[in-house]
Amino acid sequence: MPLDLGAKGSCHIGGNVATNAGGLRLLRYGSLRGTVLGLEVVLADGTILDLLSSLRKDNTGYDLKQLFIGSEGTLGVITAVSILCPPKPEAVSVALLGCAGFAEILQTFGTCRRMLGETLSAFEFMDAECVQLVGHHLHLACPVQESPFYVLIETSGSNAGHDGEKLGSFLEHALASGLVTDGTVASDQRKAKALWALRERISEALSCDGYVYKYDISLPVERLYDLVMDLRARLGASAKHVVGYGHLGDGNLHLNVTSEAFSPTLLGALEPHVYAWTARQRGSVSAEHGLGFQKKNVIGYSKPPQAVDLMRALKAMLDPKGLLNPYKTLPSQA
């Protein structure tokens, strides 16, 4: 399955497609918009729309399945999916590395792309506060010496010897050049899972820290962490923690702010500032989790009015009575 995400134990594939979930390995396998070959969808009037093709190439008319991928269930209910699945990798290695700064992370990513090429399947980053929270609340030990930032790199391929040699050469270069301050590599499944847990359980640790304000945004990679620093200065002591982590290879930042309890004042300092800041960088206010109910009215920060009007027209045509997932995705009428 060319999709892997932290919620894999409880999520459903139809929901993944409906929200165009990105997951941990989009860098390697691309988005669901590219890997979904066909869909079966039930429309609001009960019509079963059979788009369940398994062809790689079909350029006959409009690609209607794309209407439903990422539509959050507002245009139809996805009941079957045809997905392009690559061969399962025979050799997987995971490395957790410490970096002195975000600039070094960007350089490490560029070096990774150049030296690991087709074997690179994931490149995740997290700041020190994320790892500290995972250690404090979930008692997960980090095997790398304390660093301002951490990156988790995964390689996967068909030849363990070849892939391991490439990864070893990269690590030697990264350490010798000062891009990386410390690191550890796991090639067995048990240790690899332990390293992945440091990244995948950040959300759980944040939930243990108090009330969480969550933002899932995409930005130009070179500006990805600037918003975290901006908010730390803006919020000061009014927030317990302001942390940033996510899929650096996809330009996707998971920005989280914690406080002891919900605070209208803190929310007012966050919104619409976070959305306006993102819009100035020509980013997206929702990188992979959709708008849902809470963020439907901020779509204007990422889409022009003409695009929103066309979305309304599509919704009115396919669901004139507003039966499907009402009050979600599209902004309230003025």
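The values are calculated or read from the model by the stated rules, or taken from the named source; none is laboratory data. Quantities reported herein were computed from a predicted structural model and do not represent experimental measurements. Cβ sites come from the backbone with ideal geometry, for glycine too, and all protein chains shown count toward neighbours.
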Picked from region 55-81 (must be touching a residue at least 24 places away in the same chain (Cβ under 8 Å) and among the β-branched types (Val, Ile, Thr)), the residue surrounded by the fewest Cβ atoms within 10 Å (Cβ to Cβ) is THR79
Set LEU310, LEU324, LEU314, LEU291: member being touching a residue at least 24 places away in the same chain (Cβ under 8 Å), surrounded by fewer than 18 Cβ atoms within 10 Å (Cβ to Cβ), under 22 Å from ARG33 (Cβ atoms) and among the aliphatic types (A, V, I, L, M): LEU314
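What about VAL144, is it assigned to a loop (DSSP other than H, G, I, E, B) and more than 21 Å from the chain's Cα centre (by Cα)? Outline the logic, then answer.
Numbers: assigned to a loop (DSSP other than H, G, I, E, B): yes; more than 21 Å from the chain's Cα centre (by Cα): yes.
In short, yes.
So which of SER332, SER259, SER263 ends up being farther than 30 Å from ARG25 by Cα, out of contact with any Leu (no Cβ under 8 Å at 6 or more places or on another chain), in the same structural domain as LEU227 (by TED's automatic domain parsing) and small (Gly, Ala, Ser)?
On the way: SER332 fails: in the same structural domain as LEU227 (by TED's automatic domain parsing); SER259 fails: out of contact with any Leu (no Cβ under 8 Å at 6 or more places or on another chain).
Being farther than 30 Å from ARG25 by Cα, out of contact with any Leu (no Cβ under 8 Å at 6 or more places or on another chain), in the same structural domain as LEU227 (by TED's automatic domain parsing) and small (Gly, Ala, Ser) holds for just one of SER332, SER259, SER263, which is SER263.
Is it the case that PRO305 is within 30 Å of THR108 (Cα to Cα), out of contact with any strand residue (DSSP E or B) (no Cβ under 6 Å at 6 or more places or on another chain) and surrounded by fewer than 18 Cβ atoms within 10 Å (Cβ to Cβ)?
On the way: within 30 Å of THR108 (Cα to Cα): no; out of contact with any strand residue (DSSP E or B) (no Cβ under 6 Å at 6 or more places or on another chain): yes; surrounded by fewer than 18 Cβ atoms within 10 Å (Cβ to Cβ): yes.
Judged against the criteria, PRO305 is not a match.
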Do we have SER238 as within 26 Å of SER207 (Cα to Cα) and either of a type in the set (A, V, I, L, M, F, W, C) or free of Cβ contacts under 8 Å to residues at least 40 places away in the same chain (or both) here? yes
Any residue at all in region 34-42 that is touching a residue at least 60 places away in the same chain (Cβ under 8 Å), small (Gly, Ala, Ser) and on the phi < 0 side of the Ramachandran plot? no
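If we only count helices (runs of 4 or more DSSP H) wholly inside region 1-97, which ones have 3 or more residues that are modelled with pLDDT of 90 or more?
Numbers: elements: 13-18, 26-29, 32-35, 65-68.
In region 1-97, the matching helices (runs of 4 or more DSSP H) lie at 13-18, 32-35, 65-68.
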Tally time: how many residues in region 84-106 are over 25 Å from PRO2 (Cα atoms) and either in contact with a helix residue (DSSP H, G or I) (Cβ under 6 Å, 6 or more places away or on another chain) or surrounded by fewer than 17 Cβ atoms within 10 Å (Cβ to Cβ) (or both)? 4
Return the total of residues in region 147-165 being crowded, with 20+ Cβ neighbours inside 10 Å and either aliphatic (A, V, I, L, M) or part of a helix (DSSP H, G or I) (or both). 4
Considering region 105-123, residues that are assigned to a helix (DSSP H, G or I) and of a type in the set (S, T, N, Q), and then whichever is nearest to GLY157 (Cα to Cα), we arrive at THR119
Can you name every residue in region 272-288 that is under 20 Å from SER207 (Cβ atoms) and free of Cβ contacts under 8 Å to residues at least 40 places away in the same chain? none
Need at least 2 residues that are under 23 Å from ALA95 (Cβ atoms) and out of contact with any helix residue (DSSP H, G or I) (no Cβ under 7 Å at 6 or more places or on another chain) per element, so show me which strands (runs of 3 or more DSSP E) inside region 179-259 make the cut, counting only ones lying wholly within it. 182-186, 252-259
Cβ pairs under 7 Å, 6+ apart or interchain, first in region 13-29 and surrounded by 22 or more Cβ atoms within 10 Å (Cβ to Cβ), second among the β-branched types (Val, Ile, Thr) and part of a loop (DSSP other than H, G, I, E, B), ordered by first then second residue, are VAL17/ILE69
